[in-house]
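K.L.:
This is the structure I have questions about; it appears just below.
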Amino acid sequence: MSRPMGSYSGWYRFNVIGSNPDKLLLEHEYGPNWSVFLKQYNAALIKSVAGVEPDVKADDSLITIRL
């Protein structure tokens with residue numbers, strides 16, 4: 001299921017391809033440069049909201065977030 005990343009931004013879409021309480025896998029169609037951007041964006045977002053530094057990995061079209 002594709003959905004907007006943020007409630008307010010809606011400026012890109014991704015697919016949640018896996019999740020559990022401490023890991024989230026996001027897939028997108030925008031290429032490796034976009035993965036690098038999303039890695040930084042999601043890490044900053046989680047840190048500001050949850051107050052924890054997540055482990056975020058970026059691949060060609062996959063972002064892995066571990067809390």
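The values are calculated or read from the model by the stated rules, or taken from the named source; none is laboratory data. Everything numeric in this text was worked out from a predicted model, so none of it was measured. All Cβ positions, glycine included, derive from the backbone under ideal geometry; neighbour counts span all protein chains shown. We work out accessible area using only protein heavy atoms, side chains counted, and drop any ligands, DNA or RNA first. Shrake-Rupley method; radii C 1.70, N 1.55, O 1.52, S 1.80 Å.
K.L.:
Any chance region 44-64 includes a residue that's at positive phi, at pLDDT 90 or above and exposed (fewer than 12 other Cβ atoms within 10 Å of the Cβ)?
P.N.:
Yes, region 44-64 contains a residue that is at positive phi, at pLDDT 90 or above and exposed (fewer than 12 other Cβ atoms within 10 Å of the Cβ).
K.L.:
Another question about this same structure. Just to verify a result, which residue in region 21-43, among those that are in a strand (DSSP E or B) and not acidic (Asp, Glu), is least open to solvent (accessible area, probe 1.4 Å)?
P.N.:
Going through the qualifying residues, I end up with Leu26.
K.L.:
Mind listing whichever residues of region 21-59 are over 10 Å from the mean Cα position of the chain (by Cα) and charged (D, E, K, R)?
P.N.:
Passing the criteria: Asp22, Lys23, Glu29, Lys47, Glu53, Asp55, Asp59.
K.L.:
Return the pairs, sorted by first residue and then second, in which the second residue is surrounded by 14 or more Cβ atoms within 10 Å (Cβ to Cβ) and assigned to a loop (DSSP other than H, G, I, E, B), the first residue lies in region 43-67 and is aliphatic (A, V, I, L, M), the beta carbons are less than 7 Å apart, and the residues are 6+ apart or on different chains.
P.N.:
Taking only residues 6 or more apart or on different chains, the pairs are Ala43/Pro54; Ile46/Pro54; Ile65/Pro54; Leu67/Pro54.
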